[in-house]
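Colleague: What follows is a single structure, and I will ask about it in a moment.
The values are calculated or read from the model by the stated rules, or taken from the named source; none is laboratory data. Predicted model, so just to flag it, every value in this text is computed and none were measured. Methodologically, a virtual Cβ is constructed for each residue, glycine included, from the backbone with ideal geometry; neighbour enumeration extends over all protein chains shown.
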Ligand code: MIC
Ligand code: SF4
């Protein structure tokens with residue numbers, strides 16, 4: 001990692017902070033310190049939380065293979081020779097979990113050859129570091145190699161905030177944002193509000209860092225963090241390991257938060273040292289006061305934060321969340337009663353640990369401690385037990401220290417260092433369509449269809465140590481803190497609370513490096529896109545707005561309830577088309593509930609009355625007739641991931657406008673970038689007015705201005721017109737994107 005970058009930042013921070021303290025007339029939170037030292041233009045920047053747009057200069061960009069394809073295709077349209085900021089690509093999402101790490105990796109390399117060659121050649125040409133398949137999951141590799149206290153990184157993945165565990169602002173974005181920053185532009189984001197989370201006490205026994213964020217998810221809900229940054233502070237923060245902090249900030253994405261961050265402390269310095277970054281650790285220690293909030297903040301936090309959450313770690317219980325949403329939280333002691341009451345299947349079909357959220361040495365050693373207790377009592381896992389290491393280092397260290405063997409003895413399978421079952425890249429052998437099964441994991445997302453591709457599967461999330469204990473029981477309602485298990489010789493096993501090590505005493509074992517540096521000069525390198533490829537397709541610019549209002553457009557779908565990006569653009573088998581816009585667009589809305597159709601992902605062609613078609617089929621028909629269409633969405637529309645396909649496919653298939661009750665941050669930006677008009681109902685009750693056969697007009701678009709409501713006319717089938725008001729959050733610049741047809745068109 002470029003130490004010069006860290007030195008330069010710390011050297012300029014004192015002036016930036018002094019200037020900001022003077023302007024704001026008070027001390028600064030850590031978030032503010034990082035923001036003011038990354039501002040593009042201090043003179044013109046307006047500092048108004050929840051209102052102003054910030055123009056920032058990130059230190060780095062990170063991309064994973066499933067989103068990097070679109071990011072790179074868009075970057076290439078900008079015509080630059082080399083990226084303007086240090087950037088990396090990580091091959092992790094496209095590896096399918098089926099028969100264990102070795103075989104799965106070889107199959108992935110073969111299956112995804114075209115995509116890997118494209119990404120590797122583009123990386124080499126444009127000056128981007130390339131992490132080969134098998135090297136690890138993006139967030140773990142970034143934490144081990146690139147994250148540093150006080151930095152600002154953007155990443156084309158919603159769990160980029162994992163880097164907040166190392167004291168940086170690490171923010172998930174769509175590929176267009178990444179492409180622009182790599183092309184040398186500043187990065188824009190709504191000035192977030194600040195939630196201060198004050199931690200006191202120390203985690204006890206079975207409770208782990210995961211429980212902090214599961215509890216916060218229950219408290220704030222999946223939209224509670226939208227356009228907000230969570231800044232953790234207080235004496236409890238210093239008691240949590242660096243990787244534990246990473247778990248908490250990673251899963252802050254589930255709140256819709258812009259990001260989450262912890263102040264620099266000794267745990268971070270220790271993590272930097274053990275990951276071979278002594279110099280960064282020393283620099284951070286020497287500049288400690290730049291990397292934590294000013295002392296007055298902790299004394300009167302209510303003056304600095306817009307909202308405060310207090311958590312006493314000593315009293316926190318282990319939590320389980322789910323099914324289907326990460327904010328359905330309860331302490332584990334309440335799980336059994338709730339499962340009975342709501343009829344969740346109690347027999348577990350799979351238990352999974354690891355992923356980008358929870359595969360630290362601490363997680364794995366605590367889970368292994370539980371596994372050894374079960375093995376000693378003669379027990380084996382009563383359900384499929386799968387382990388996903390986060391990186392090569394983690395994998396080899398687990399192997400060296402005997403953890404892998406322990407998990408295998410209990411009946412576990414170790415998968416490749418990749419996303420695998422977390423993103424539907426999982427061939428679950430015993431899955432039966434239509435049957436409701438329960439699974440439990442230490443992952444971060446549990447939307448329907450996400451893991452094994454079946455919408456009915458109930459996916460629960462908890463800490464790796466609880467997953468491991470519950471795997472021995474094979475029963476969702478097993479509470480290892482209070483209940484016992486029958487052993488082979490008829491005795492009762494009561495698990496001791498898990499014990500583990502934060503960091504490996506012998507240091508991390510080294511695996512295969514997996515890193516390929518870019519060429520010094522990439523001019524002669526050709527980016528590899530085979531003609532006629534099924535996997536990759538060069539992008540054609542979207543058409544410019546023709547300057548006319550949208551008149552009497554048909555309604556494509558009115559989504560009901562949760563509409564995450566997994567519902568709009570499912571992953572799993574569709575991941576293979578992430579570089580081919582036309583092909584992937586066939587998945588559009590396949591997971592969404594249509595208010596006007598009993599089957600998920602289907603609807604009616606209102607022009608012909610034909611029903612039972614996929615939404616993509618209907619959209620293609622309207623498009624062929626030269627018609628645009630409108631989508632109506634519910635609350636927090638576009639929740640979840642950063643995948644811009646959830647915006648590009650609708651745009652490509654002719655959707656002009658999306659009117660929702662509210663939007664998730666990354667998705668709203670993705671829609672704006674791709675030239676779709678994103679509007680919110682001024683009165684959310686108007687959502688109920690929209691009928692399947694309505695035609696919708698959006699008028700006076702010539703006068704679209706920041707802050708100005710937009711008039712929408714609903715033309716009813718009986719000839720009546722109903723006019724409603726909608727709001728929008730476009731800036732001048734974003735209006736220019738809309739007019740140009742996309743942000744990228746506006747650049748050229
Ligand atoms: C996810 O966890 O949902 C993903 C898969 O990592 C996505 C990115 C993608 O869809 O490629 C994310 O979090 O942004
Ligand atoms: Fe991969 Fe899952 Fe992490 Fe997303 S949340 S980066 S799919 S491991």
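Colleague: Within region 407-430, which residues are more than 12 Å from residue 385 (Cα to Cα) and over 26 Å from the mean Cα position of the chain (by Cα)?
Modeller: 429, 430
Colleague: To continue, here is another question. Exactly one of (1) surrounded by 21 or more Cβ atoms within 10 Å (Cβ to Cβ); (2) away from ligand 1 (no atom under 14 Å from the Cβ); (3) assigned to a loop (DSSP other than H, G, I, E, B); (4) touching a residue at least 40 places away in the same chain (Cβ under 8 Å) is unmet by residue 570. Its number?
Modeller: Result: residue 570 fails condition (2) only.
Colleague: From the list 655, 659, 606, 632, which one is within 30 Å of residue 115 (Cβ to Cβ), more than 16 Å from ligand 2 (Cβ to nearest atom) and buried (at least 19 other Cβ atoms within 10 Å of the Cβ)? Working first, answer last.
Modeller: Working: 659 fails: within 30 Å of residue 115 (Cβ to Cβ); 606 fails: within 30 Å of residue 115 (Cβ to Cβ); 632 fails: within 30 Å of residue 115 (Cβ to Cβ).
When all the criteria are applied, what remains is 655.
Colleague: Of all residues in region 455-469 being in contact (Cβ under 8 Å) with a residue 24 or more places away in the chain and out of contact with any helix residue (DSSP H, G or I) (no Cβ under 9 Å at 6 or more places or on another chain), which is nearest to residue 354 (Cα to Cα)?
Modeller: By that ranking, first place goes to 459.
Colleague: To continue, here is another question. Mind counting the residues in region 334-369 that are under 29 Å from the mean Cα position of the chain (by Cα), part of a helix (DSSP H, G or I) and touching a residue at least 40 places away in the same chain (Cβ under 8 Å)?
Modeller: So the answer is 10.
Colleague: So which residues in region 472-517 are exposed (fewer than 13 other Cβ atoms within 10 Å of the Cβ), over 30 Å from residue 382 (Cβ atoms) and modelled with pLDDT of 95 or more?
Modeller: 505, 506, 517 - these are the residues of region 472-517 that are exposed (fewer than 13 other Cβ atoms within 10 Å of the Cβ), over 30 Å from residue 382 (Cβ atoms) and modelled with pLDDT of 95 or more.
Colleague: Could you look through region 471-484, keep only residues that are in contact with a strand residue (DSSP E or B) (Cβ under 7 Å, 6 or more places away or on another chain) and not in a helix (DSSP H, G or I), and pick out the one that is farthest from ligand 1 (Cβ to nearest atom)?
Modeller: This residue is 484.
Colleague: Which of the residues that make up region 217-243 are more than 16 Å from ligand 1 (Cβ to nearest atom), crowded, with 24+ Cβ neighbours inside 10 Å and closer than 26 Å to residue 365 by Cβ?
Modeller: 232, 240, 241, 242, 243
Colleague: Contact list please: Cβ distance under 6 Å, first residue in region 406-419 and more than 16 Å from ligand 2 (Cβ to nearest atom), second residue at pLDDT below 90, pairs at least six apart or on different chains.
Modeller: What qualifies is 413/100.
Colleague: Based on what the data block shows, is residue 214 at negative phi, surrounded by fewer than 23 Cβ atoms within 10 Å (Cβ to Cβ), in contact (Cβ under 8 Å) with a residue 24 or more places away in the chain and not in a strand (DSSP E or B)? Don't jump to the end; show me each part of the working.
Modeller: Numbers: at negative phi: yes; surrounded by fewer than 23 Cβ atoms within 10 Å (Cβ to Cβ): no; in contact (Cβ under 8 Å) with a residue 24 or more places away in the chain: yes; not in a strand (DSSP E or B): yes.
Considered against the rule, which asks whether it is at negative phi, surrounded by fewer than 23 Cβ atoms within 10 Å (Cβ to Cβ), in contact (Cβ under 8 Å) with a residue 24 or more places away in the chain and not in a strand (DSSP E or B), residue 214 comes out as no.
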